[in-house]
Amino acid sequence: MLSRRCRRTQRCVRPEGLLGSGDASRMVTHDVGYALTARAKYCLYLDGDHPVYVTSAHWLRGVERVSSPNEDARPDAGAIELVVLHGISLPPGQFGTGMVRELFCNELDCSRSSELADLEGVFVSAHALVERDGRITQFVPFNRRAWHAGQSSFRGRSRCNDFAIGIELEGTDVQPYAAEQYAALSEILLALFRRYPRLDPSVVVGHCDIAPGRKTDPGPAFDWPRLLASLDA
Ligand SMILES: [Zn+2]
């Protein structure tokens, strides 16, 4: 398959067949070596002709890895049957602070803001974080249990962390999520569907769906039809 090279990094980007020529001509690049088209389509073809995929060690190939200590073994390592989408921002409503990463790595100084006080002694993580610009970071390999859902229930099964993959989107319940985030999320989900046979769009839910009354994220600002349409393409 033909591929294009990012003009700045000279790394291969999305195969030409998947982009209209007009999009390719408007491609812009970013420091970390990924490319956005004018349609803000996140590109994960970082250094070859291969799309993003899940490696044999259960990491997404081509995205940054930052290990979180807040994980452990799944009771059944083969039971990956649910994807839970979350929204998070720290301090609430602020983006790009780096504090979500710090939280997941137990490095957040909760004394920096009164809005962080509730997070003192909280040990949480997610498998992946998608920031506002579409940047993806993975914290926990998918075959391990990340600590993201808390008390929860899906179709009569409790303890969703046991069998779920958790993906955090940097955002709030009420502020529209970014186009780059939808594009990146879609790429992640399609890679997960290819890798884990029990996953498909019908088992992608919000935290609000498995912990109603306790959690509201990713909130009414999250455009589910838009996400689902992108998974259909
Ligand atoms: Zn959540």
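The values are calculated or read from the model by the stated rules, or taken from the named source; none is laboratory data. Just so we're clear, the structure is a prediction, and the values are computed from it rather than from any experiment. Here Cβ is always computed from backbone atoms with ideal geometry, including for glycine, and neighbour counts include all displayed protein chains.
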Residues of the stretch 156-168 classified as outside any strand (DSSP E or B) and either out of contact with any helix residue (DSSP H, G or I) (no Cβ under 9 Å at 6 or more places or on another chain) or polar (S, T, N, Q) (or both), total: 5
What's the number of the only condition in (1) under 18 Å from Thr216 (Cα atoms); (2) outside any loop (DSSP other than H, G, I, E, B); (3) modelled with pLDDT of 95 or more that Asp118 fails to meet? (3)
Give me the strands (runs of 3 or more DSSP E) completely within the stretch 3-109, filtered to those with at least 1 residues that are modelled with pLDDT under 50 and surrounded by fewer than 18 Cβ atoms within 10 Å (Cβ to Cβ), ordered by residue number. 3-5, 12-15
Given (1) in contact (Cβ under 8 Å) with a residue 40 or more places away in the chain; (2) within 17 Å of the chain's Cα centre (by Cα), number of the condition Ser152 does not satisfy: (2)
Note: among Ala183, Ala164, just one is in contact with a Leu (Cβ under 9 Å, 6 or more places away or on another chain), within 16 Å of the ligand (Cβ to nearest atom) and touching a residue at least 60 places away in the same chain (Cβ under 8 Å), namely Ala164
Taking the stretch 87-142 as the search range and keeping residues that are of a type in the set (D, E, K, R) and touching a strand residue (DSSP E or B) at 6+ places or on another chain (Cβ under 9 Å), which one is nearest to Ala184 (Cα to Cα)? Arg135
Do we have Val140 as without any contact (Cβ under 8 Å) to a residue 60 or more places away in the chain, within 16 Å of the ligand (Cβ to nearest atom) and of a type in the set (Val, Ile, Thr) here? no
